[in-house]
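Chemist: This is the structure, below, for whatever I ask next.
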Amino acid sequence: MRYQISGQQIKIGDALQVHVKEELGEIVKKYAKRPTDATVIFSRNAHEYMCEITIHLSTGLKAAATAKENEIYAAFDSGLNKLEKQLRRYKRRLKDHHRFRAQPVELSGASSYVLSSFELDEDAEPDTLQPVIIAETEAKIPSLSVGEAVMQMEISGAAFLVFRNETKKHINVVYKRDDGNIGWIEPQ
């Protein structure tokens with residue numbers, strides 16, 4: 001498994017990198033059969049350290065956890081505990097989906113844009129209704145079943161997931177509703 005351990009505006013020492021690799025490797029080995037890579041990003045905001053952990057599996061699914069603590073090791077350990085809980089909770093579901101999926105998840109390319117949000121005075125009229133693009137990136141849209149999409153959304157902690165439905169080949173969306181249920185948008 002490949003590890004990418006980095007810090008945003010902070011230095012990451014060798015001892016922390018060794019700790020991350022050992023602890024994360026142990027958890028991943030226990031719960032995930034075929035991990036490909038792990039990304040761990042540390043950052044600091046005033047007195048709090050934040051740790052973002054993302055693990056990519058060979059099937060295209062990913063698990064993610066984020067934690068904040070007053071110390072950097074505690075932030076990692078807290079994030080790792082959240083990730084372990086997610087993987088333990090979904091271990092049977094992951095096994096079932098991986099058993100039936102012989103091939104890795106097919107990914108389609110798409111463009112992702114960040115649009116500028118600007119506030120106007122109540123009386124002012126905008127010059128144009130075209131949004132201002134401030135960033136453009138490449139996004140990947142996985143080809144999944146609805147069950148896999150829901151599982152992927154829950155494991156990654158995302159509010160929604162855009163995916164290509166394997167059965168009908170249309171772009172679909174699953175999302176978390178305010179009432180705690182999961183919504184599914186499928187075009188006719």
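Only the coordinates and a few stated rules stand behind these numbers; no lab work does. Treat the numbers as computed from the prediction; the structure is a model and nothing was measured. All Cβ positions, even for glycine, are placed from backbone atoms using ideal geometry, and neighbour counts span all protein chains on display.
Chemist: Give the calculated FRET efficiency between H170 and T39 to the nearest 0.05, with a Förster radius of 35 Å applied to their Cβ-Cβ distance.
Modeler: With a Förster radius of 35 Å, E is 0.70.
Chemist: Cβ under 10 Å from I141's Cβ, I141 left aside: what net charge do those residues give with Lys, Arg +1 and Asp, Glu -1?
Modeler: +1
Chemist: Set the Förster distance to 22 Å, then compute FRET efficiency between E52 and R89 from the Cβ-Cβ distance, nearest 0.05.
Modeler: Efficiency computed from Cβ-Cβ geometry: 0.70.
Chemist: HN-Hα J couplings of the stretch 156-163 from phi, Karplus 6.51/-1.76/1.60, θ = phi - 60°, integer Hz, Gly and Pro as x?
Modeler: Result, rounded to whole Hz: 7, x, 7, 7, 7, 9, 9, 8.
Chemist: Also: How many nm is it between the label spots at R177 and Y3, if each spot is 7 Å from the Cα in line with the beta carbon?
Modeler: The modelled label-to-label distance comes out at 4.3 nm.
Chemist: Here is a further query. Between I10 and S117, what is the spin-label point distance in nm, taking each point 7 Å from the Cα along the Cα→C-beta axis?
Modeler: So the two model labels end up 2.7 nm from each other.
Chemist: Nearest 0.05, what FRET efficiency do D77 and F160 give at R0 = 25 Å with Cβ-Cβ as r?
Modeler: 0.30
Chemist: Between the alpha-carbon centers of the stretch 14-45 and the stretch 128-182, tell me the distance in whole angstrom.
Modeler: Cα centroid to Cα centroid, the span is 26 Å.
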